[in-house]
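**Q** Below is the structure I would like to discuss, written out as structure tokens.
The values are calculated or read from the model by the stated rules, or taken from the named source; none is laboratory data. Note that the structure is a prediction, hence the values are computed from the model and not measured. No Cβ is skipped: glycine too gets one built from the backbone with ideal geometry, and neighbour counts run over all protein chains shown. We work out accessible area using only protein heavy atoms, side chains counted, and drop any ligands, DNA or RNA first. Shrake-Rupley method; radii C 1.70, N 1.55, O 1.52, S 1.80 Å.
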Amino acid sequence: MHIGALKKEAGQDFGLVRISLPNPQEPASENTFHFSLDRERLRRTLRREGRYLLRSNMQASSPETVWESYLLLTRREQAFKDLKGSLSIRPLWHQREKRIEAHIFVSFLSFCLHTTLRNLARG
């Protein structure tokens, strides 16, 4: 049970350690319990560290286009999070089609304004 709790706490890093547990009837001792660092797996993990792997169904696009699309998506999501957070907007449920369209329009305008101001601030 303790190892299960440690595995959950360690997350993916748990896979970097090899553990040999004693049988249920054996006591835990130096001879029955072993652990070691999986150095090859650690090397592979360190080589991938800080890199992204994007999978896409955009077959006709170059990898650069896929990456730019991904960055644009993350910027959009961040903009909407910022707008919701700073304005303390609660979920809205509109009943009329005109109000739904107006809400989408205002949201899009605020996104455009946020993006324009961010780009001007970088400029």
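**Q** Place a +1 charge on the Cβ of each Lys and Arg in the chain and a -1 charge on the Cβ of each Asp and Glu, then give the dipole magnitude about the Cα centre in debye, rounded to the nearest 20. Could you put the intermediate results ahead of the total?
**A** Values: 21 positive and 13 negative charges, 95 e Å.
About 460 debye.
**Q** Additional query: Of all the stretches in the chain, which is the longest one without any exposed loop site, taking GluC sites (Glu not before Pro) in a DSSP loop (any state but H, G, I, E, B) with at most 13 other Cβ atoms within 10 Å? Provide the component values of the computation, followed by the final result.
**A** Details: sites that count: Glu30, Glu49.
Longest site-free region, per DSSP loop and neighbour criteria: 50-123.
**Q** So what is the 222 nm mean residue ellipticity for the chain from helices alone, if each DSSP H run of at least 4 adds -39500 (n - 2.57) and you divide by all residues, rounding to the nearest 500 deg cm²/dmol? Each step should come with its number before you reach the end.
**A** On the way: 4 runs with 70 residues, N = 123.
Estimated from H runs of four or more residues: -19000 deg cm²/dmol.
**Q** Enumerate by residue number the trypsin sites (Lys or Arg not before Pro) in region 1-61 meeting two conditions: DSSP loop (anything except H, G, I, E, B), and at most 15 other Cβ atoms within 10 Å of the site's Cβ.
**A** Details: sites: Lys7, Lys8, Arg18, Arg39, Arg41, Arg43, Arg44, Arg47, Arg48, Arg51, Arg55; in loops: Arg51, Arg55.
Taking region 1-61 and a limit of 15 other Cβ atoms within 10 Å, the loop trypsin sites (Lys or Arg not before Pro) found are Arg51, Arg55.
**Q** Which of the chymotrypsin sites (Phe, Trp or Tyr not before Pro) found in region 15-123 are in a DSSP loop and have at most 12 neighbouring Cβ atoms, other than their own, within 10 Å?
**A** Tyr52, Trp93
**Q** Between Thr65 and Val17, what is the label-point separation in nm under the 7 Å Cα-to-beta-carbon projection?
**A** Going from the Val17 label point to the Thr65 one covers 4.7 nm.
**Q** Now, a different point. Give me the percent relative contact order of the chain, please, defined on Cα pairs under 8 angstrom at least 6 residues apart.
**A** On the way: 42 pairs, mean separation 17.0, N = 123.
That works out to 14 percent.
**Q** Roll a 1.4 Å probe over the protein chains and send me the accessible area per residue for the chain in Å². Could you put the intermediate results ahead of the total?
**A** On the way: 11510 Å² over 123 residues.
Heavy-atom SASA per residue in the chain reads 94 Å².
**Q** Another question about this same structure. Express the carbon and sulfur contribution to the solvent-accessible surface of region 14-123 as a percent, rounded to the nearest whole number, probe 1.4 angstrom. Before the final figure, lay out each step's value.
**A** Values: 5680 of 10080 Å².
Result for region 14-123: 56 percent of the exposed heavy-atom area is carbon or sulfur.
**Q** Using r as the Cβ-Cβ distance of Lys81 and Thr45, and R0 as 30 Å, what FRET efficiency do you calculate, to the nearest 0.05?
**A** Details: r = 30 Å, r/R0 = 0.99.
Using R0 = 30 Å, I get an efficiency of 0.50.
**Q** Could you give log10 I(q)/I(0) at q = 0.10, 0.15, 0.16, 0.21 Å⁻¹ for the chain, computed by the Debye formula over C-alpha point scatterers of equal weight, without solvent?
**A** At q = 0.10, 0.15, 0.16, 0.21 Å⁻¹ the computed log10 ratios are -0.68, -0.93, -0.98, -1.21.
**Q** Around Arg47, with a cut-off of 15 angstrom between Cβ atoms, what is the net charge of the other residues, counting Lys and Arg +1 and Asp and Glu -1? Working shown, then result.
**A** On the way: positive: Arg39, Arg41, Arg43, Arg44, Arg48, Arg51; negative: Asp38, Glu40, Glu49.
Around Arg47, the charge tally is +3.
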